[in-house]
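Following: one structure in structure tokens, then a few remarks.
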Amino acid sequence: MIVRVGYILLIICIFVQCDQDEPAKTHIAIVGAGLGGISTAYWLKYYLNDSVAITIYESDQVGGRLKNVDIDGNEYEAGGSIIHEKNLYMKRFTDELGLKRLNVPSSMPYIMTNDGSQTLFSTLSRYIPNVFLILWRYGVDALRLNFWLDKKLSNFARIYDYQDNGRTFNTVEEFLQMLDQDFYTATRFSFRKYLFEKGFHKKFINEIAQIATLVNYDQSVDTINAFPGLVSLMASASTLWHVEGGNYLVPKKILEYLLKQSDVQFVKGYVKSVTEVHRIDIDDQGGNVRLSYKPLNSDLVHAVDYDYVIIAFPLHRDNMNDFVLQTTDSFNQYDYRMQSTYADFLYGKLNCQQYNLTKSECERLKAIFYTNPSLPYRSVAQQQTVNENEKQYKKNDKPVYKIFSPNKLSLSDYKQIFDNDNFQLIQDIPWLAYPKYEHPQKMPPIQINKNIFYLNAMEWSSSCMEIEVISARNIAMLLTKKIGIELKRSDKHIEF
Ligand SMILES: Cc1cc2nc3c(=O)[nH]c(=O)nc-3n(C[C@H](O)[C@H](O)[C@H](O)COP(=O)(O)OP(=O)(O)OC[C@H]3O[C@@H](n4cnc5c(N)ncnc54)[C@H](O)[C@@H]3O)c2cc1C
Ligand SMILES: *[C@@H]1O[C@H](CO)[C@@H](O)[C@H](O)[C@H]1NC(C)=O
Ligand SMILES: *[C@@H]1O[C@H](CO)[C@@H](O)[C@H](O)[C@H]1NC(C)=O
């Protein structure tokens, strides 16, 4: 008997010995395998490598809001679709993963209308270049716009230098202020008021700015604050691209790479709660945060303790009851809402008659944008597959259209857009797409508790792929500093 006890003790001693030889790993869980969660894992490995063990939880598909839809054997982008040419991280990820960037058409013939009763602007003319058309209608505003946006863009691009040099931020407000004081100010006002005070005219605000915010965030210049407003304008006035084969390939391929590294685990399951564990006894080993989850195809709830947990999906009023999170007093999940947006895919023929178009104009028409925010739909645009670039535009004779709308559309709505009964709904995809913005904008905390971080807090500045990756790198750096490991400094940060 005595011999046995001694034996057990010996084994325990050996274990402790082993632990001392190899420094203890920090255990981190990431909830959500969208672009944000996956790139957080990437940067944690980049900065901490062997000193972290990472578990990524996902209840649905890798890629989250980046997703393709298959239509008769062709793939189309159903969620996040366009990337700005100055989005450095998305560019580097795409290139380093061996994926190809394809430009989206820069001069798509479109009409802009209030609600279909009046054409406000059109680029259907075969003879007059768009630049002249825009100058003719919007005058000095059009001239100023590009200079002004370039300046704003180069201020935004400061983030890359800052992050390369190890600079972190603790709040969304601090992020905006360190780039440009005006970015923070912008979050205090409606986009209309902000633009008006910058000297832009009513016509520009009601048409160009309105279309930009309605198409990008399904919100009007009166409800949205000016920072996501600015981001929307940037997306309307530059060279844009997408990933050949679909943007979801970026998170998918990063995950494949990560799973080849040591100590990265991927778990399919729904995380139900994340709460702090208070350990009274210092000898009581284990992490500080308890995560409970339900694996797919099982009803048993498992609990695992981690040193840190990163929430990599949006927390808002509508998912409060499905996910229990221990928060601080300063964060009330109820205060945050998401904008619902439907992406409908249809075959059909646009109703050109309504706009008094000639036959040849009608053939070239690719998109219609509606400026009236009380309409049930925002835009209709002919789609390219995820494998087509600018030059291959419109090849197939049965064009696929995508309509964006805040709610589910009815048959009579489609009849307003398409020629009589000349349409066929193929698929409608409901999204809780982006935050519902307000002014002044309240920002959620990046650090929710001592050991719980919130990646998507940054989405409340503006929601786009690049912001998620910036947020991911920031959290990885904050954690590296917390753990007490020196930050690797390099501008060649993305390597596979
Ligand atoms: C229709 C639409 C159009 C858009 N257009 C653009 C665009 O053109 N350009 C652009 O840059 N951005 C665009 N965006 C925004 C962009 O897609 C998002 O900002 C980005 O993809 C968000 O990535 P994420 O990883 O932070 O979140 P998500 O992609 O939402 O990932 C979160 C993941 O967490 C998982 N999850 C949630 N709860 C749990 C749980 N309890 N347990 C386990 N897993 C959970 C979800 O299943 C999901 O996979 C668009 C978005 C939509 C919807
Ligand atoms: C981590 O370290 C291993 C071995 O030291 C190395 O092969 C690997 O490339 C490193 N990974 C990262 C992400 O730096
Ligand atoms: C089409 O022409 C009619 C008659 O001239 C006009 O009343 C109508 O407003 C025009 N439609 C649009 C969308 O401009």
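Things worth noting here:
- Restricted to helices (runs of 4 or more DSSP H) entirely inside the stretch 165-234, those with at least 1 residues that are among the charged types (D, E, K, R) and surrounded by fewer than 22 Cβ atoms within 10 Å (Cβ to Cβ) are 172-179, 181-186, 191-197.
Residue-wise test of (1) farther than 22 Å from Y370 by Cβ; (2) touching a His at 6+ places or on another chain (Cβ under 8 Å); (3) within 16 Å of ligand 2 (Cβ to nearest atom).
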position	(1), (2), (3)
E77	no, yes, no
I82	no, yes, no
T94	yes, no, no
G98	yes, no, no
V104	no, yes, no
M112	no, no, no
S117	no, no, no
L133	no, no, no
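- Filter result (within 16 Å of ligand 3 (Cβ to nearest atom) and either modelled with pLDDT of 95 or more or surrounded by 14 or more Cβ atoms within 10 Å (Cβ to Cβ) (or both)) within the stretch 317-353: L350, N351, C352
- Of all residues in the stretch 422-447, those being farther than 23 Å from F183 by Cα and crowded, with 22+ Cβ neighbours inside 10 Å number 0.
- G34 modelled with pLDDT of 95 or more, surrounded by fewer than 24 Cβ atoms within 10 Å (Cβ to Cβ) and near ligand 1 (Cβ under 7 Å from one of its atoms): no
- Only one of T113, T123 that is touching a Leu at 6+ places or on another chain (Cβ under 8 Å) and without any contact (Cβ under 8 Å) to a residue 40 or more places away in the chain: T123
- Counted as qualifying within the stretch 238-318 are the strands (runs of 3 or more DSSP E) with 3 or more residues that are in contact (Cβ under 8 Å) with a residue 12 or more places away in the chain and within 29 Å of R92 (Cβ to Cβ), namely 240-243, 264-276, 308-311.
- Subset of the stretch 72-117 [in a strand (DSSP E or B) and within 16 Å of ligand 1 (Cβ to nearest atom)]: E75, Y76, E77, I83, H84, R101, L102, N103
- Residue that is assigned to a helix (DSSP H, G or I) and more than 12 Å from the chain's Cα centre (by Cα), where the choices are K488, K481, K492: K481
- All of (1) closer than 20 Å to A367 by Cα; (2) touching a residue at least 24 places away in the same chain (Cβ under 8 Å); (3) of a type in the set (A, V, I, L, M) hold for L133 with one exception: (2).
The values are calculated or read from the model by the stated rules, or taken from the named source; none is laboratory data. Here the structure is a predicted model, which is why all the values come from computation and not from measurement. Because the Cβ atoms are built from the backbone with ideal geometry, glycine has one as well, and the counts that use them run over all protein chains shown.
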